[in-house]
Amino acid sequence: MAQSLVTNLPPDEQRALLRGMLTIRRFEERASADYRAGRIYGVVHCYIGEEAVAVGVCSALARTDRIISTHRGHGHCIAKGADLSRMMAELYGRETGYCKGKGGSMHIADFAIGMLGANGIVAGGLSIITGAGLAAQMEGQGGVATAFFGDGAANAGPFHECLNIAATWKLPVIYVCENNLWAANTAAAATHALADIAARAAGYGIPGVIVDGNDVVAVRQAASRAVERARRGEGPSLIECKTYRWRGHTERPGQPDRRDAAEIAAWQATDPIARLERQLRTAGELDDSGVAAIEHEVADAIAAAVAFAEASPFPPPAAASEDVFAA
Ligand SMILES: Cc1ncc(C[n+]2csc(CCOP(=O)(O)OP(=O)(O)O)c2C)c(N)n1
């Protein structure tokens, strides 16, 4: 696995990575609680435990670079710079939300920051981002396109089709597999014979790297290399981030969870947030007051997002037939 070269990144940037991961975690802790309290509708899938992937990768991208997400999309939105208030309002079903309150957790998009959308169709984002990669290539501005997808999605047809054509056409795409070892309640070992998704890259003639997905600096470094390669016109890369989700597949009460408590606990011990905090403290770049300041800043931002959502109206009934493109 790639080693974290924590000393190569200026402390300010490392603290920004910590703040980014903490923002995702606190946003989702609040979303989970509000979902269980009946204040949020639809389905909510939490990304808690996997924050280093979204933050590490997005920190290597420009605002204009495009990304696509999954059903577990809050982390990618936040890491790309989405507005927390509009996100929370969307979860609350309010008309100030990103989809005017009609899309919910799995449809948040913000084209202004290159966030092409969360996606409830497993592996659906792979095709969209490959098209975005083709667009970036045709635009000729050096843009790159990045897909986040799970180990389950890696077993669906679009994975092969997209990596094959992206490699053939040398598209500037970064395929980031978040291998959290489970697809809903199916263990990865029950669905593919090779444990490492990254090994498949050889079949397309592109680089495939395995990264400790709970080490945000290592993720950032791997992403940076892939981004540089893509910007040079050398084509796509596959990055497999080994990580783990702490929560069940969804936040729905009674959601079955076949995972072993010991497995969950072992991964919680590699918490990406606690890990970076520890590294920064050891390097003398963060102390108790520094941690408290970041926590306060994040808590204020989440509280403001919730207040904005609560103060916003629900869409009027007539809005049900607006923005409908096919029926
Ligand atoms: C095409 C399609 N098939 C099945 C589903 C149901 N489904 C939703 S999430 C999921 C598991 C996805 O696992 P993975 O890609 O590993 O992502 P993770 O949930 O682990 O982040 C499944 C099967 C779906 N949404 N879309």
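The values are calculated or read from the model by the stated rules, or taken from the named source; none is laboratory data. If you're wondering where the values come from, they're calculated on a predicted model, not measured in any experiment. Methodologically, a virtual Cβ is constructed for each residue, glycine included, from the backbone with ideal geometry; neighbour enumeration extends over all protein chains shown. These accessible areas exclude ligands, DNA and RNA; they are computed on the full protein's heavy atoms, side chains included. Shrake-Rupley method; radii C 1.70, N 1.55, O 1.52, S 1.80 Å.
Observations on the model:
- Database remark: amide H of residue 46 closer than 5 angstrom to the amide H of 251 (H placed geometrically; neighbours at sequence offset of 5 or more, or on other chains; Pro and chain starts carry no H).
- Amide H to amide H distances under 5 Å link residue 151 with 178, 180, 181, where only residues 5 or more positions off or on other chains count and H is placed in the peptide plane.
- Partner lysines whose Cα lies under 24 Å from the Cα of residue 242, excluding those fewer than 8 positions away in the same chain, are identified as 80.
- Residues in the stretch 195-202 carry Karplus couplings, in order, of 5, 9, 5, 4, 4, 5, 4, 4 Hz; the curve used is 6.51 cos²θ - 1.76 cosθ + 1.60 with θ = phi - 60°, and Gly or Pro positions show x.
- Probe 1.4 Å, all protein chains present, accessible-area order of 92, 204, largest first: 204, 92
- Accessible-area composition of the chain, carbon plus sulfur, in percent [1.4 Å probe]: 56 percent
- In terms of overall dimensions, the stretch 179-252 has a Cα radius of gyration and Dmax of 14.2, 44 angstrom.
- Protein heavy-atom accessible surface, 1.4 Å probe, per residue over the chain: 42 Å².
- Percentage relative contact order, the stretch 210-307, counting C-alpha pairs under 8 Å, at least six apart: 25 percent
- Two numbers describe the Cα atoms of the chain: Rg and Dmax, which are 19.1, 58 Å.
- Residue 47 sits among other residues whose Cβ lies under 10 Å from its own Cβ, and their net charge, with Lys and Arg +1 and Asp and Glu -1, is 0.
- Where trypsin sites (Lys or Arg not before Pro) fall in DSSP loop in the stretch 257-327, at most 12 other Cβ within 10 Å: 258
- Percentage relative contact order, the chain, counting C-alpha pairs under 8 Å, at least six apart: 24 percent
- Applying a length cut-off of 24 Å (Cα extent along the axis) and a mean Kyte-Doolittle floor of -1.0 to the DSSP H helices of the chain leaves 288-311.
- Largest first, the three principal axis extents of the alpha carbons in the stretch 1-151 are 44, 37, 29 Å in whole numbers.
- Here the dipole of the stretch 6-312 is about 600 debye; that uses its Cα centre as origin and unit charges on the Cβ of Lys and Arg (positive) and Asp and Glu (negative).
- Using the Cα coordinates of the stretch 67-223, the gyration tensor eigenvalues translate into equivalent-ellipsoid semi-axes of 26, 20, 14 Å, sorted from longest to shortest.
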